[in-house]
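Below is one structure, written out as C-alpha cells; the observations come after it.
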Amino acid sequence: MPERERDELERRKAAASSALAERTPFAYASAPESSEIVRIEDRYGLFIGGEFVEPKSGRWFGTLNPATEEVLSEVAEAGPEDVDLAVTTARAAWEESWRDLPGRERAKYMYRIARQLQERSREFAVLETIDGGKPIKESRDVDVPLAAAHFFYYAGWADKLDYAFPGRLPRPIGVAGQVIPWNFPLLMAAWKLAPALATGNTVVLKPAETTPLTALLLAEVIQEADLPPGVVNIVTGAGETGSNVVTHEAVDKVAFTGSTDVGKIIQRAVAGTGKHLTLELGGKAANIVFEDAALDQAVEGIVNGIYFNQGHVCCAGSRLFVQESVFEPVLERLKERLATLRVGDPLDKNTDVGAINSKQQLRKIEELVESGVEEGAEIYQPACDLPARGYWFRPTLFTGVAQSHRIAREEIFGPVLSVLTFRTPEEALEKANNTPYGLSAGVWTEKGSRILWMTSRLRAGVIWANTFNRFDPSSPFGGYKESGFGREGGLHGLEPYLEFEEDGRAG
Amino acid sequence: MAKVPAETHTKVPESPWSPQAAEAAMVRVTPVDAVGLEERAASLGTRSIKRESKLFALDLAVRCADLTTLEGADTPGKVTAVCSKAVRPDPTDSTIPSVAAVCVYPALVPVAAERLRGTGVKVASVAGGFPSGLAPLDERLDEIRQAVRWGADEIDIVLNRSAFLSGRYHQAFEEITRSKEACGTAHLKVILEIGELGSYDQVRKASMLAMAAGADFIKTSTGKIASSATHAGALCMMEAARDFHRQTGRAVGVKVAGGIRKAKEAWIYLVILHETLGPDWLTPDRFRFGASTLLNDLLMQIRKEREGRYQGPDYFTVD
C-alpha cells in the first residue's frame, strides 16, 4: 500500500473523539467528507496580472495539513522584486481600466465571483479544512457561505457609492496592500477584496504562510470570472513579503488583520507616508453572564465563543465573567458540555474542535496554559483521545483566575477559557473594560435595560447580546484601543477604501 | 464565611413565610432563550449518523416506540392488530426487537392487556380526560384507576393547561400528584402539550412543575393539535429533566410524540437526548417515541442499512 494511502486510512480510523463518546454505545461512526473533490497542485506560483507566474526570488515553501503534518503543496515565496511587480501591475490596472469602470461593471465581476464561490463551496470548504485544520462543519457552514455573502453584499454597493455618503463624493484611493491571517483564510480574503473592488481600487493580497491554498483557489475563480488582469494580485510568503507589500511606495492603502505586535510594526512603518491604514488586531473579549440569563443558551454561547475554530478567533470570548450567584450551575453545565465536544479529524462532519493551525501556535498555547497553572489557576480539560499525529489541544478552561494572571490579559488564540466572577454590573463592566484590547464583548441577561446599560459602556467594537460570534456582511466589525481601528463590513467598511471630494450638489 | 452569632436578647418577629417558602420566592425557573435553543437543536440536527451508529439508533428507536392508536374508531380488531405489530414489528425478521408499549384509550386496555400478556410489551393508556384534561377531577382520577385495574402499566395524562396558563400552578401541581396516587404502581407520563404553552419559558416551567409533582415521564404532545413535538421543544424539556436530576437525584423520562414520521427525525431526537441527558437515558425506561407511521420507516431504514438498498412499502405490514 502506498504510504499516502496508508496514512489516509490511519487518519480515518482516528475518528473524532470526545469524553462522551468514550462512555456510550452511541459513539457516532466517523463521517468524513471526501477530499477527492479538491485537486491540489504540486506547486503554486504567484498570481500577478491574471496569471500564475514563477517567483523571481526562486524560492518556494511548503504548506501542510496541520491535522496530519503532511505537506500538501509548494507555494512561491514572493521576494521584493515579485512584490514590486505585483504592485506595479495593480497600479497599471487601476489607472488603465478599473478606476474608471462604471460601478455596475465592477459589480458584474463581483457577482460572478460570489456565484462561483457558492457553486464550488464544497471544494472551498474541504480545501480550507485541509490547509488550516478547522472542522469541515465550520468551513462548510460559516467560512464559505459568509465569504460569498461578502462579495454579494459589496457588489450591491458598487453602483450606489455616490449615494452612500450624502454631501461627499467618493473616489477610489488606488492600490490596496492587504495582509490577512490564517484563522479564516478565505473569509478574510473576501472581507478585504470585496470592499476594495466595489470602491474601484486594485489589490495586492498577501495570505498567511500557513494557509495560502484557498486564496490561490480564489485566484482561479477570479480568472474564470474574467476580472481584468492585474485588478487582484496574490503574493504568497511570510512576514517579510507582507512587510514589502505594506511599505511599497506605490501602495496607497494598507489593510491588515493579524496580531497586535505586527500591527504596531506596520503602523510605525507607514507613519508619515500618507498611506491610508486600517488595522484589525487582537482581542481578549469579555463574555458576561448575569444571574438572570438563560443559562443553557449562555453555556452554548460561551462554548461557541471560545471553542469555535479552536479559539483561533480575534473576537473570541476568552474571558468569561460569571455572576457569583450562578457560578456553580454555570460551571457545572460548562464542564458537562465540554465533555460532549468532539475533537479530532477536521474532515469528519461530526468534529466540533479541529487541529491547531501550526506547531508554532500550539507552542504558544502550551506556553500560556503552563503559565496559568504556574500562576495558580485551576485547569480543567475533558478526557478525550487526541490523534497521534498533527497539532492538537484539548478544550481547556481555567477557574480561580485573577485579572493579574497572564491568561486573563494576553491573547492566547487557542481553545482556552479563563473564568472569573463578579458581584455587580459595575464590577463586571470595570473588569471587562480593564484590558488593552477592545474588539468584542458578550452580555447575557434577560433584562433588556441591563443590556442597554452594559453595551453603551463596554469599550468594544462589537457587542453581542444573548448570542456570540455572529457575523453578517452588513454589520461593521472592528476594534477599540490595541484591537485596532477602522471598520470592515457594512457601509462603514466602504469608507477606508475611499477618498472624498466636496460635493457641489450638496445643499 | 464567618458564622453570625444568633440573637439572644431581642425577640425576632415571626416571618409569615417558612424558610422554604422564602427560598422558593427567591428562586425562579431558569429562563430559556428561544433563538439560542433553536440554534442548538438545529446544530445537533446536522450530526452525521452513519453505519453502526445509525443501526444502533434505529434499533433503539424501535425499542423506545409507544405504538399508538387513539382514534374514536378504534375497535378490538384494530387494537389486536396493533398489538401483533408491536410484538413482532417485522414478521420476516426476528432480530427486530419488540416496541416498548402499545398506547390506547382506556376502553381498549382490556383487549391490549390480553393480547400483550407475557410478551414484555407494556400496555399504556391515555386517561384523565385526554386530550383536554378538563373533565371533573374525580372523573379523571376514576378513569385512571379503571385503566390500571384493566391492566394498564403506564398512564398518559395531560397537564391541566387551563390551570397552568391562568397561573393556578398549585392546582395543576396537585392534580398531577393525585393522578400519581391514582396510578398506584403504574408509571405516570404527563403530557405538557407544548404547542399550547406559547413559549419555551413556559415549557421549561411546565416540565419542572410536572416532574416535581411526581411524573415518571414528561411528554411533549397529545398528537391531537396541529403543533406537536419539535426538536427545540424536546431539547428544552430534556434540559429541564437534566437539571431536575442534578438537583434531586431523581431520573425522569422524556417522551416525544406527535408528527414524527421519518426515521431521520427520530435519530435527531436521539442525538439531542444523547448530548443533553447522556447515555443513561438511551433506554426505553427513560425515553419513548409516540409512534404510528414512524415504525415502518424505521423498519425500512434498518433493512436498507443491512442490505444496502430500499425495499418498497408493501413489504412492511400496515396494521
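The values are calculated or read from the model by the stated rules, or taken from the named source; none is laboratory data. Everything numeric in this text was worked out from a predicted model, so none of it was measured. FYI the Cβ positions are ideal-geometry reconstructions off the backbone, even for glycines, and counts take in every protein chain you see.
Among the residues of the range B:240-279, the ones that are touching a residue at least 60 places away in the same chain (Cβ under 8 Å) and at the interface with chain A (Cβ under 10 Å from one of its Cβ atoms) come to 5 in all. The residues listed here are A:Glu324, A:Glu291, A:Glu336; of these, the one that is under 22 Å from B:Thr46 (Cβ atoms), over 16 Å from the mean Cα position of the chain (by Cα) and surrounded by fewer than 24 Cβ atoms within 10 Å (Cβ to Cβ) is A:Glu336. I'd like the full set of residues that are within 14 Å of chain B (Cβ to nearest Cβ) and surrounded by fewer than 19 Cβ atoms within 10 Å (Cβ to Cβ), limited to the range A:15-57. Once the filter is applied, which keeps residues that are within 14 Å of chain B (Cβ to nearest Cβ) and surrounded by fewer than 19 Cβ atoms within 10 Å (Cβ to Cβ), the range A:15-57 yields A:Glu22, A:Arg23, A:Thr24, A:Pro25, A:Ala29, A:Ser34.
Being hydroxyl-bearing (Ser, Thr, Tyr), crowded, with 24+ Cβ neighbours inside 10 Å, part of a helix (DSSP H, G or I) and under 24 Å from the mean Cα position of the chain (by Cα) is a condition met by at least one residue of the range A:301-311. Looking at A:Ile222, A:Ile180, just one residue is over 20 Å from the mean Cα position of the chain (by Cα) and of a type in the set (A, V, I, L, M), and that residue is A:Ile222. Here is the figure for the range B:31-49: residues that are among the small types (Gly, Ala, Ser) and within 7 Å of chain A (Cβ to nearest Cβ) total 2.
More than 16 Å from A:Arg470 (Cα to Cα), more than 11 Å from chain B (Cβ to nearest Cβ) and either of a type outside the set (Phe, Trp, Tyr) or buried (at least 24 other Cβ atoms within 10 Å of the Cβ) (or both): does that describe A:Leu341? When the stated conditions are applied, A:Leu341 does not pass them.
Within the range A:298-336, being over 19 Å from A:Leu420 (Cβ atoms) and either more than 13 Å from chain B (Cβ to nearest Cβ) or among the charged types (D, E, K, R) (or both) holds for A:Glu300, A:Asn309, A:Gln310, A:His312, A:Val313, A:Cys314, A:Glu336. Checking each residue of the range A:65-73 against the condition of being of a type in the set (A, V, I, L, M) and over 30 Å from A:Gly390 (Cβ atoms) gives no match. Filtered by the rule that a residue be part of a helix (DSSP H, G or I) and β-branched (Val, Ile, Thr), the range B:218-253 gives a lone residue, B:Thr248.
The number of residues in the range B:298-319 being loosely packed, with under 12 Cβ neighbours inside 10 Å, in a loop (DSSP other than H, G, I, E, B) and in contact (Cβ under 8 Å) with a residue 12 or more places away in the chain comes to 1. Taking the range B:184-217 as the range and being among the acidic types (Asp, Glu) and assigned to a loop (DSSP other than H, G, I, E, B) as the test, the residues that pass are B:Glu193, B:Asp216.
Just to be sure, is A:Thr236 in a loop (DSSP other than H, G, I, E, B) and in contact with a Gly (Cβ under 7 Å, 6 or more places away or on another chain)? So A:Thr236 does not fit the description; no. Specify the residue that is farthest from A:Gly354 (Cα to Cα); the eligible residues are those in the range A:410-456 that are out of contact with any Pro (no Cβ under 8 Å at 6 or more places or on another chain), of a type in the set (D, E, K, R) and surrounded by fewer than 21 Cβ atoms within 10 Å (Cβ to Cβ). So, considering only residues that are out of contact with any Pro (no Cβ under 8 Å at 6 or more places or on another chain), of a type in the set (D, E, K, R) and surrounded by fewer than 21 Cβ atoms within 10 Å (Cβ to Cβ), the one farthest from A:Gly354 (Cα to Cα) is A:Glu426. Return a yes/no flag: does the range A:14-21 have any residue that is of a type outside the set (A, V, I, L, M) and modelled with pLDDT under 95. Yes: the range A:14-21 contains one or more residues that are of a type outside the set (A, V, I, L, M) and modelled with pLDDT under 95.
The set of residues in the range A:164-182 that are surrounded by fewer than 24 Cβ atoms within 10 Å (Cβ to Cβ) and farther than 18 Å from A:Glu95 by Cα comprises A:Ala164, A:Phe165, A:Pro166, A:Gly167, A:Arg168, A:Leu169, A:Pro181, A:Trp182. B:Thr69 passes every criterion in (1) within 26 Å of B:Ile194 (Cα to Cα); (2) surrounded by fewer than 23 Cβ atoms within 10 Å (Cβ to Cβ); (3) within 14 Å of another protein chain (Cβ to nearest Cβ); (4) in contact with a helix residue (DSSP H, G or I) (Cβ under 6 Å, 6 or more places away or on another chain) apart from (3).
Would you be able to tell me the number of residues in the range A:288-297 that are more than 8 Å from every other protein chain (Cβ to nearest Cβ) and either part of a helix (DSSP H, G or I) or in contact (Cβ under 8 Å) with a residue 60 or more places away in the chain (or both)? Give the derivation first.
Pass one, the range A:288-297, residues more than 8 Å from every other protein chain (Cβ to nearest Cβ): A:288-291.
Those still in the list that are either part of a helix (DSSP H, G or I) or in contact (Cβ under 8 Å) with a residue 60 or more places away in the chain (or both) too: A:288-290.
So the answer is 3.
Restricting attention to the range B:209-243, the residues being farther than 26 Å from B:Thr68 by Cα and surrounded by fewer than 20 Cβ atoms within 10 Å (Cβ to Cβ) number 1. When the range B:11-39 is limited to residues that are loosely packed, with under 10 Cβ neighbours inside 10 Å and at pLDDT below 70, the one that is farthest from A:Ala294 (Cα to Cα) turns out to be B:Lys11.
B:Leu282 fulfils the conditions (1) without any contact (Cβ under 8 Å) to a residue 24 or more places away in the chain; (2) surrounded by 15 or more Cβ atoms within 10 Å (Cβ to Cβ); (3) within 14 Å of another protein chain (Cβ to nearest Cβ) except for a single criterion, (1). Candidates in the range A:205-233 are the residues that are under 26 Å from A:Ala355 (Cα atoms) and among the β-branched types (Val, Ile, Thr); of these, the one that is surrounded by the fewest Cβ atoms within 10 Å (Cβ to Cβ) is A:Thr210.
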